[in-house]
């Protein structure tokens, strides 16, 4: 019975002696590896909670073992906990026959040294472009850290038995294996059931259209361009074009109040709303009730939120960062700081029925290749090839 070790940039939660996944979606995520491997060991950071959340899913599958790593956030805490993390990792690979490292991930990258030294066959799943992260970093220190991460990711991939990227072509240019008998694939992290897809849209029969914007954690001056959208909507308002925006995502560092204050500063406070965290059902409703999707972003892998948006037939405006060009037509890829062009593209879609419906049709038809059963077949094939190397 082959046991797979997986490590990624995710948190496991601990409460009253039991381990929990963040929510049902993350529970389902780990189950995909058990379609091929008989047992699974998860080596991730663990957060101790005094009170359990109603969204948490108990890890009661006897096939799953949790190998806890002390919690840390950011480089400073990682440095402070460096030796404690090392001690916690000592037995992480024990009993494992193969490994999957989802990168970038501080824990997975450090764990790779043990895996390579032990000669355990492993594969990588690349979900974010560290090189773009370095190019778009806000500080010199952050830029240096991303360059180190990028170099580590290239080295880990070079020695991997298999490499899969969330993009079809973009990430593969930097992250690839040099083994002569390696295997490759590409698939998104998403698992969108066919019922999630809704079809191309008709032009909304409403006076004011609403933009959707989704992030794990909202922030004012963030990599996801929250402030850029507000500036674009302020420009449109001066032209007499009113478009609303709803920012979805967990509040971080009092970001809701900062965003609303920024909107008020630019005269569009009545057009801006922050919804907070949305579960899967709420996200479904949120996208169904929105009209456009806008995501100015500095760096990505292949944004799942864009795939979700176009699966709903939503005309979408984003940036040419990372794998976005594999999802959205070039005309609707706008440079991050180009507020004027962003406003123009939003205006085109919000005021022109033919353009809106044509873009919706193109986006929806493209989204069908990301349906869950299609991606699952690729994952199963990828994990099966890795299992082949288990002695």
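Computed from the coordinates by the stated procedures, all read-outs in this text should not be read as laboratory data. For clarity, every value in this text was computed on a predicted model and none was experimentally measured. Glycine gets a Cβ as well: all are built from the backbone with ideal geometry, and neighbour counts include every protein chain shown.
Over region 194-369, one equal point on each Cα, no solvent: what is log10 I(q)/I(0) by the Debye formula at q = 0.14, 0.20 Å⁻¹?
With one equal scatterer per Cα and no solvent, log10 I(q)/I(0) is -0.67, -1.51.
Taking Cα pairs under 8 Å and at least six residues apart, what relative contact order does region 160-214 come out at, in percent?
Details: 39 pairs, mean separation 19.0, N = 55.
It rounds to 34 percent for region 160-214.
Would you mind computing, in nm to one decimal, how far apart the modelled labels at residue 331 and residue 51 are, each placed 7 Å from Cα along Cα→Cβ?
5.1 nm
Pop a pseudo-label 7 angstrom from the Cα along the beta-carbon direction at both residue 273 and residue 374 and give the gap in nm to one decimal.
Spacing of the two 7 Å Cα→Cβ label points: 3.2 nm.
Sorted by average packing, counted as other Cβ atoms within 10 angstrom per residue and highest first, what order do 75-86, 179-190 take?
On the way: 75-86: 12.1, 179-190: 16.4.
Output ranking for 75-86, 179-190: 179-190, 75-86.
If you line up the long axis of helix 140-158 against the longest principal axis of the chain, both from Cα atoms, how many degrees apart are they, to the nearest 10?
Taking the Cα atoms of the chain, the angle to 140-158 is about 50 degrees.
If each residue of separation counts as 0.36 nm, what is the full-extension length gain between residue 71 and residue 288 once their alpha-carbon separation is subtracted? Show your work: numbers first, answer last.
Numbers: separation 217, 0.36 × 217 = 78.12 nm, distance 3.66 nm.
Fully extending the segment from residue 71 to residue 288 adds 74.5 nm.
Give me the extension gain from residue 135 to residue 257: residue separation times 0.36 nm, minus the current Cα-Cα distance, reported in nm with one decimal.
On the way: separation 122, 0.36 × 122 = 43.92 nm, distance 2.94 nm.
That works out to 41.0 nm of additional length.
Take the Cα of residue 265, step 7 Å along the line toward its Cβ, and report every residue of region 206-222 whose backbone nitrogen sits under 20 Å from that point.
Within reach of a label on residue 265, which here means backbone N under 20 Å from a point 7 Å along Cα→Cβ, region 206-222 contributes 218-222.
Using only alpha carbon positions, build the gyration tensor of region 318-391, then give the equivalent ellipsoid semi-axes as the square roots of 5 times its eigenvalues, largest first, whole angstrom. Before the final figure, lay out each step's value.
On the way: eigenvalues 273, 54, 7 Å².
Taking √(5λ) for each Cα gyration eigenvalue gives 37, 16, 6 Å.
Could you tell me the distance between the Cα centroids of region 184-204 and region 225-255, to the nearest Å?
25 Å
How much length is gained if the chain between residue 194 and residue 58 is pulled fully straight, taking 0.36 nm per residue apart and subtracting their Cα-Cα distance, in nm to one decimal?
Details: separation 136, 0.36 × 136 = 48.96 nm, distance 2.68 nm.
Extending this stretch completely gives an extra 46.3 nm.
Say R0 is 45 Å: what FRET efficiency, to the nearest 0.05, do residue 351 and residue 172 get from their beta-carbon distance? Mind dumping the intermediate values first?
On the way: r = 39 Å, r/R0 = 0.86.
Computed FRET efficiency for residue 351 and residue 172 comes out at 0.70.
Counting DSSP beta bridges in the chain, what percent are antiparallel, to the nearest 5?
Values: 5 of 55 bridges.
Around 10 percent antiparallel, to the nearest 5.
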